[in-house]
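Report on the structure given below.
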């Protein structure tokens, strides 16, 4: 996995271009980690275990790949809100609830990107969806 550490002082959230791929970049007040958009399973599992072990709070939840499904429909299926303490169990149950939406392809853990802000003990989650084609 490619990582680039940047030292910045203002909080920003944007997408940058690197080697022809769009990569999400979250800039916190101290450090920013540029994550490859395909997070390795082992890395994801380690980040989730660290977040649960150290009682990280959910800072932000992103949804990508959706065009026709409304954001509030997806958030209603989550069993946690931004600001709540993160647990893997709630994430897994939330994914099961999201998979009941028939207009979306089922998501697995590999479709969830995890970013940690270790200084503030916060976790960012990005769910990468694929919408099903509409039947005529």
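Throughout, read-outs are computed from the coordinates displayed, never taken from laboratory work. Everything quoted here is computed from the prediction, not taken from an experiment. All Cβ positions, even for glycine, are placed from backbone atoms using ideal geometry, and neighbour counts span all protein chains on display.
For the reader, a short list of remarks on this structure follows.
- Alpha-carbon Debye profile of region 50-121, log10 I(q)/I(0) at 0.19, 0.22, 0.28 Å⁻¹: -0.81, -1.06, -1.54
- Packing-based exposure ordering (other Cβ within 10 Å, fewest first) of 102, 115, 77, 108: 102, 108, 77, 115
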